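The values are calculated or read from the model by the stated rules, or taken from the named source; none is laboratory data. Just so you know, these numbers come straight off a predicted model, no measurement behind them. Because the Cβ atoms are built from the backbone with ideal geometry, glycine has one as well, and the counts that use them run over all protein chains shown.
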Amino acid sequence: MFRKRANAQSLLFMFMFLFVLHFSLSQVEELELLLSFKSSINDPSSFLSNWNSSTPLCMWHGITCNNFSKVKVIELVDKNISGIISSSIFHLPKIETINLSTNKFSSEIPGEMAFSVSLRYLNLSENNLTGAIPNCSISLEILDLSNNKLSGKIPPQIGVVCSNLKEVDLGGNHLVGRIPSSISNISSLQALTLACNELIGQIPRELSKLKSMKWIYFGHNHLSGEIPQELVNLVSLNHLDLVHNNLSGQIPSSLGNLTNLQYLYLYKNKLTGLLPRSIFGLKKLVELDLTENHLFGEIPELISELQSLEILHLFSNNFTGKIPNALASLPRLQVVDLFSNNLTGEIPSSICNISSVEVLSLSDNNLSGIIPPCLGNFSKYLTILDLQMNSFHGTILETFGEDCGLRYLNLYCNKLQGPLPLSLANCRSLEMIDIGDNKLNGTFPYWLETLPELQVLVLRSNNLCGVLQSSKTIHLFPKLRILDLANNEFTGPFPKGMIKNMMAMMNFSKRQNSLQYMQGRLYFYDVNLKVKGFYIRLSHILTILTSIDLSNNNFHGEIPNVIGNLNSLKGLNLSHNSFSGHIPISIGNLTNLEWLDLSSNKLTGQIPDQLKDMTFLACLNLSHNQLTGPIPQGKQFSTFENGSYEGNLALCGFPLSKSCNNDRRNQSPPSFFKEADDSETKINFGWKVVLIGYGCGLIVGLVVGYVTFRNGEPKWFVALYGVKYHRKGRRCSRN
């Protein structure tokens with residue numbers, strides 16, 4: 001009995017010894033695999049500093065172990081790591097998750113990851129990985145290789161080997177070819193993203209087999225043909241995104257059977273026809289975006305059935321008829337974007353019942369009538385009001401309340417009259433105002449200076465008048481960087497007091513890397529400006545764009561030197577006024593200027609050489625002034641043609657045919673030359689006096705001498721002559 005018990009204990013001890021030995025060897029193997037991975041990468045932030053043999057493996061940064069101390073998870077997200085992904089990490093025996101996203105890994109993805117039978121989650125997105133899509137593990141459930149530089153075709157075997165996949169994201173690469181129909185064999189697939197590639201062909205009808213599919217994102221490719229009717233079988237689908245392709249034909253009425261659909265994005269295709277009535281049966285629809293297609297007909301009142309709708313984008317189509325009253329019955333509606341259609345009639349006052357609306361864009365239509373007064377205070381959430389390019393008349397709303405949340409107001413190109421309403425001062429969040437090309441009258445609305453967030457102010461092409469006087473406000477227009485008052489009837493001197501404290505037009509170096517656009521929620525700001533001589537509509541406004549346009553008014557006097565402080569300016573247009581005097585030398589400080597128009601004024605003097613320092617200047621117009629002297633040569637001035645200088649009869653030098661006499665700049669000389677010239681002038685003037693005096697004295701002397709010598713030689717004459725002679729002799733001897 002004792003012997004049996006001893007044998008059992010020995011066996012148990014042997015088993016434990018072998019287990020510990022195996023465990024130790026296994027950990028050594030894992031350590032070697034991970035150190036091999038570390039040796040092939042660069043870790044500038046030293047996040048992997050404790051990856052060494054003296055630190056327990058499960059305590060390494062980014063490592064998670066299972067209950068048996070086996071490496072289960074490697075997570076190194078956004079650690080600024082670069083280099084090559086070694087295949088060693090795919091050989092870890094119990095690895096389930098590898099997440100190396102948002103780093104700087106390069107080279108190809110190792111094909112050996114097919115041997116990691118335990119791997120379920122792989123995320124290598126947002127790196128610089130190249131090559132083709134590799135094979136995947138049979139147990140893999142989530143594969144994210146998005147936003148790399150992968151090329152080639154999607155391998156057809158993905159639908160055979162990767163049969164357990166639930167989510168696939170290959171978007172943002174350089175994949176080509178067609179979408180393989182074999183993907184339909186992955187019966188467990190729930191999300192498929194192939195967006196932002198170069199895929200061609202039609203959407204495979206076989207995708208209708210994927211009953212579990214919830215998310216399809218094929219946008220930003222070159223897919224063509226019609227949207228398959230068979231997609232109706234994807235009963236679980238809640239997100240369908242086919243934007244920015246070449247899809248044609250009508251929107252399938254069968255989409256109305258996708259009762260779980262919440263997001264339908266079909267914008268920027270070539271779809272045509274009427275809106276299918278079945279779409280209005282999608283009770284769960286939250287966002288509908290059909291913009292930039294060729295859809296036509298009226299927007300039906302059936303839209304009231306979409307009670308869950310929050311965002312409606314139908315712009316840039318050919319919809320006709322009136323704005324449906326039914327929009328007012330949508331309690332959650334936040335964005336109404338119907339611009340660039342052929343809608344007619346007036347804005348229904350019922351639209352003011354949508355108290356949740358944030359964006360209301362009805363621009364570029366054929367709407368008329370007055371703007372409903374209730375739009376001024378119907379929603380404290382309203383941030384975007386865009387009614388430009390219509391035929392609205394009457395006065396601008398006087399009803400902006402104290403809780404006004406407007407950030408963007410665009411009423412450009414209508415027939416609005418009267419002054420700018422004072423109630424607009426309640427909209428303290430306003431960032432942009434464009435009310436150009438209307439019939440506004442009155443003087444400049446100085447209360448706008450106090451709006452703390454105002455960046456863009458366009459009042460061009462109205463009937464505004466008066467003198468732009470200096471304001472008493474200390475911090476006026478603190479963020480203003482685009483000011484357009486062109487084509488009005490303003491008069492008086494240059495508004496020096498208005499612009500000298502515009503800090504947003506100064507200190508360019510602090511903002512030069514900020515390449516962002518002005519925008520609200522799901523809406524880019526746009527503005528109408530004259531840029532480089534062309535009147536254009538900027539659909540996106542860079543936050544570094546700064547310009548001043550005071551052209552076509554009645555300003556007079558000199559252009560002040562303070563203009564040179566606005567070193568952020570990209571554009572300056574003071575043409576068609578009555579400015580006089582010289583072009584300020586300080587304009588040469590505007591080294592970021594891209595267009596300068598001072599034409600049709602009364603400017604005199606020479607073109608300052610300092611203007612050559614404006615190396616970004618692409619458009620220059622100094623025509624029809626009274627400028628004189630040579631045109632500066634070199635740098636940007638070698639690119640300007642005759643039209644930049646015509647109408648200045650006293651200008652000479654390239655590119656004009658009139659050459660200068662000495663082909664040199666006839667600039668004002670330095671001060672010491674000027675003093676020398678002045679001295680020379682004085683000397684010349686002195687000799688003239690001496691000669692005149694000498695002539696007169698000679699005549700008088702001859703007369704007096706004749707009389708004197710006739711009466712005897714005078715002693716005073718002999719004595720005086722002798723002294724003078726000796727002084728002259730001594731002076732000559734010294735010399």
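Annotations for the structure displayed:
- The set of residues in segment 286-309 that are aliphatic (A, V, I, L, M), within 32 Å of the chain's Cα centre (by Cα) and under 22 Å from G321 (Cβ atoms) comprises L288, L290, L295, L309.
- Segment 246-272, subset hydroxyl-bearing (S, T, Y) and under 14 Å from L290 (Cα atoms), residue surrounded by the most Cβ atoms within 10 Å (Cβ to Cβ): Y267
- When the residues of segment 594-616 are filtered to those that are hydrophobic (A, V, I, L, M, F, W, C) and at pLDDT below 95, the one that is nearest to T543 (Cα to Cα) is F616.
- So L448, is it aliphatic (A, V, I, L, M) and closer than 15 Å to G466 by Cβ: yes
- Segment 538-554, subset exposed (fewer than 15 other Cβ atoms within 10 Å of the Cβ) and part of a strand (DSSP E or B), residue modelled with the lowest pLDDT: L542
- Top-ranked residue in segment 56-90 [being of a type in the set (D, E, K, R) and in a loop (DSSP other than H, G, I, E, B); ranked as modelled with the lowest pLDDT]: K70
- Every condition in (1) closer than 18 Å to N414 by Cβ; (2) not in a loop (DSSP other than H, G, I, E, B) is met by L327 except one, and the failing one is (1).
Here's the yes/no breakdown for (1) in contact (Cβ under 8 Å) with a residue 12 or more places away in the chain; (2) surrounded by fewer than 22 Cβ atoms within 10 Å (Cβ to Cβ); (3) not small (G, A, S):
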site: G533; (1), (2), (3): yes, yes, no
site: H556; (1), (2), (3): yes, yes, yes
site: S575; (1), (2), (3): yes, no, no
site: N592; (1), (2), (3): yes, yes, yes
site: Q606; (1), (2), (3): yes, yes, yes
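- Only listed residue being modelled with pLDDT of 95 or more, under 16 Å from I433 (Cα atoms), among the acidic types (D, E) and crowded, with 22+ Cβ neighbours inside 10 Å, chosen from D386, D337: D386
- Index of the failed condition, V160 passing every other in (1) at pLDDT below 90; (2) in a loop (DSSP other than H, G, I, E, B); (3) in contact with a helix residue (DSSP H, G or I) (Cβ under 8 Å, 6 or more places away or on another chain): (2)
- Residues within segment 340-351 that are closer than 16 Å to L397 by Cβ and buried (at least 20 other Cβ atoms within 10 Å of the Cβ), tallied: 2
- Hey, E287 charged (D, E, K, R), in contact (Cβ under 8 Å) with a residue 24 or more places away in the chain and touching a helix residue (DSSP H, G or I) at 6+ places or on another chain (Cβ under 7 Å) or not: no
- Residues satisfying the stated conditions in segment 619-653, i.e. in a loop (DSSP other than H, G, I, E, B), more than 36 Å from the chain's Cα centre (by Cα) and under 14 Å from D609 (Cα atoms): G653
- Scanning segment 564-584 for residues that are in contact with a Ser or Thr (Cβ under 6 Å, 6 or more places away or on another chain) and assigned to a helix (DSSP H, G or I) yields a total of 1.
- Positions within segment 355-383 being part of a loop (DSSP other than H, G, I, E, B) and either in contact with a Gly (Cβ under 7 Å, 6 or more places away or on another chain) or under 20 Å from G418 (Cα atoms) (or both), in sequence order: I371, P372, N377, K380, Y381, L382, T383
- Test: G297 is more than 28 Å from A195 (Cα to Cα), surrounded by fewer than 17 Cβ atoms within 10 Å (Cβ to Cβ) and not polar (S, T, N, Q): yes
- The number of residues in segment 114-149 that are touching a residue at least 40 places away in the same chain (Cβ under 8 Å), aliphatic (A, V, I, L, M) and touching an Asp or Glu at 6+ places or on another chain (Cβ under 9 Å) comes to 1.
Yes/no matrix, rows are residues, columns are (1) within 31 Å of the chain's Cα centre (by Cα); (2) in the same structural domain as D526 (by TED's automatic domain parsing); (3) not basic (K, R):
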position: S349; (1), (2), (3): no, no, yes
position: C352; (1), (2), (3): no, no, yes
position: S356; (1), (2), (3): yes, no, yes
position: L367; (1), (2), (3): yes, no, yes
position: Y381; (1), (2), (3): yes, no, yes
position: F392; (1), (2), (3): yes, no, yes
position: L397; (1), (2), (3): yes, no, yes
position: R407; (1), (2), (3): yes, no, no
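- Highlighted here are the strands (runs of 3 or more DSSP E) found entirely within segment 198-293 that include at least 3 residues which are within 25 Å of V168 (Cβ to Cβ): 198-201, 215-217, 222-225, 239-241, 263-265.
- Of residues in segment 499-525 being of a type in the set (S, T, Y) and at pLDDT 85 or above, the one farthest from P452 (Cα to Cα): Y523
- Qualifying residue in segment 206-215 (condition: buried (at least 20 other Cβ atoms within 10 Å of the Cβ) and out of contact with any Ser or Thr (no Cβ under 8 Å at 6 or more places or on another chain)): no
- One residue alone among I370, I351 is β-branched (V, I, T), without any contact (Cβ under 8 Å) to a residue 40 or more places away in the chain and within 20 Å of D434 (Cβ to Cβ), and that residue is I370.
- Filter result for the condition that a residue is part of a strand (DSSP E or B) and of a type outside the set (F, W, Y), over L189, L143: L143
- Taken residue by residue, segment 91-101 has at least one member that is part of a loop (DSSP other than H, G, I, E, B), under 20 Å from G172 (Cα atoms), within 32 Å of the chain's Cα centre (by Cα) and not charged (D, E, K, R).
- Qualifying residues in segment 565-622 (those that are of a type in the set (D, E, K, R) and touching a strand residue (DSSP E or B) at 6+ places or on another chain (Cβ under 9 Å)) - the one nearest to M506 (Cα to Cα): K570
- Annotation for segment 147-158: at least one member residue is closer than 24 Å to Y263 by Cα and in contact with a Gly (Cβ under 7 Å, 6 or more places away or on another chain).
- Among the conditions (1) modelled with pLDDT under 85; (2) of a type in the set (F, W, Y); (3) within 40 Å of the chain's Cα centre (by Cα), the only one that Y121 does not satisfy is (1).
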